[in-house]
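Structure first, commentary second.
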Amino acid sequence: MSTEIPDSRQAAADGSFEIYLAWSNQVLKVGADQTALEVLLQAGVPIEPGCQTGGCGDCATAYVEGDVIHKDLCLNGEDRERFFCPCVSRAITRIVLAF
Ligand code: FES
């Protein structure tokens, strides 16, 4: 019998992950069949949705912590250290945003 305790800060095997909104102290769950953009818009985070395919950068959002899996086609390596495109990108760990 395993005594390992699941860590909610880690992404689930199904590809879902969490976003923590630090200033509003909210934890949002991004399901495997959802985009982070959908979840953030539902939570009222002011993000401009553009192409929703990772190409325009309109949705680029600053994050302060987390291992992001960048899937956009518009941010360079330096940008990706601080921003992610929630329309297509996902995460290995919980992402923390300053909202
Ligand atoms: S909406 Fe265009 S990159 Fe996300």
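Taking the range 46-58 as the range and being farther than 22 Å from Tyr20 by Cα and surrounded by fewer than 17 Cβ atoms within 10 Å (Cβ to Cβ) as the test, the residues that pass are Cys51, Thr53, Gly55. Among the residues here, Thr61 qualifies as in contact with a helix residue (DSSP H, G or I) (Cβ under 9 Å, 6 or more places away or on another chain), touching a residue at least 24 places away in the same chain (Cβ under 8 Å) and under 19 Å from Phe17 (Cα atoms).
Does any residue of the range 78-93 turn out to be over 15 Å from Glu18 (Cβ atoms) and touching a strand residue (DSSP E or B) at 6+ places or on another chain (Cβ under 6 Å)?
Within the range 78-93, the first condition is being over 15 Å from Glu18 (Cβ atoms), and the residues that meet it are 78-83, 85, 87-88.
After this cut, where a residue has to be touching a strand residue (DSSP E or B) at 6+ places or on another chain (Cβ under 6 Å) as well, the list is 82-83.
Yes, because at least one residue in the range 78-93 is over 15 Å from Glu18 (Cβ atoms) and touching a strand residue (DSSP E or B) at 6+ places or on another chain (Cβ under 6 Å).
Among Leu40, Leu21, Leu28, which is surrounded by 16 or more Cβ atoms within 10 Å (Cβ to Cβ) and out of contact with any strand residue (DSSP E or B) (no Cβ under 6 Å at 6 or more places or on another chain)?
On the way: Leu21 fails: out of contact with any strand residue (DSSP E or B) (no Cβ under 6 Å at 6 or more places or on another chain); Leu28 fails: out of contact with any strand residue (DSSP E or B) (no Cβ under 6 Å at 6 or more places or on another chain).
Within the list Leu40, Leu21, Leu28, the selection yields Leu40.
Each value in this text was obtained by applying a stated rule to the coordinates, not by laboratory testing. Keep in mind the model is a prediction, meaning the values are calculated, not measured. Positions of Cβ are generated from backbone atoms using ideal geometry, with glycine treated the same way; all protein chains shown enter the neighbour counts.
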